[in-house]
């Protein structure tokens, strides 16, 4: 195995509680942190972001080992675990803060993200057009501490039970070969 430095990916797939719970289970993912990116307000709070007026999206910052999991594999999980055809919405979560977005960190990530999106568009997988934003990474602001590992720390929460748990069960079936060994 090569000794490569870890890399960063930043994705928004709606609620960051769901995204964090999914990506954190992937083998090769070192750390997943929820936060805010893509807006104009410095150091926004969750309450401010929820208004939809900051321009920020709820995102996750993924630190990953490219020797174990590739950016393309992360993109596959990104595209298959949310609906990229709903503008500013994921399920019952509505607003620009819940938009589908890829914030790329270098030209290789941009090329891969755009190529993957184009291939999906050409395959006409969804009946509606893909509205996922692909933009350069901007400042990332960590979410408040209580958002970290939200699903793991709040399994009895109604949102966790009815929204996140079914997504994770489906995810584990589809991506069983990519899960961390201890899962």
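Nothing in this text is a laboratory measurement; each read-out follows from the coordinates by a stated rule. Keep in mind the model is a prediction, meaning the values are calculated, not measured. Cβ sites come from the backbone with ideal geometry, for glycine too, and all protein chains shown count toward neighbours.
For the peptides 49-58, 36-45, 119-128, the ranking by packing is 49-58, 36-45, 119-128, with the highest mean count of neighbouring Cβ atoms within 10 Å listed first.
The calculated FRET efficiency for residue 135 paired with residue 106, based on their beta-carbon distance and R0 = 22 Å, is about 0.95.
For region 57-179, what does the alpha-carbon gyration tensor say about shape, rounded, prolate or oblate, given a ≥ b ≥ c as the root eigenvalues, a/c under 1.5 as rounded, and a/b over b/c as prolate? Verdict is rounded for region 57-179.
Packing here is the average count of other Cβ atoms within 10 Å per residue, and on that basis the peptides 144-157, 103-116, 18-31, highest first, run 18-31, 103-116, 144-157. From most to least packed by mean Cβ count within 10 Å, the peptides 133-139, 171-177 give 133-139, 171-177.
Simple spin-label estimate for residue 80 and residue 5 gives 3.1 nm between the two label positions (7 Å along the Cα-to-Cβ direction from each Cα).
When both bridge partners sit in region 1-159, DSSP labels roughly 85% of those beta bridges antiparallel.
Answer rounded, prolate or oblate for region 25-97, using the Cα gyration tensor with square roots of eigenvalues a ≥ b ≥ c: rounded when a/c is under 1.5, else prolate when a/b is larger than b/c, else oblate. Here region 25-97 falls in the oblate category.
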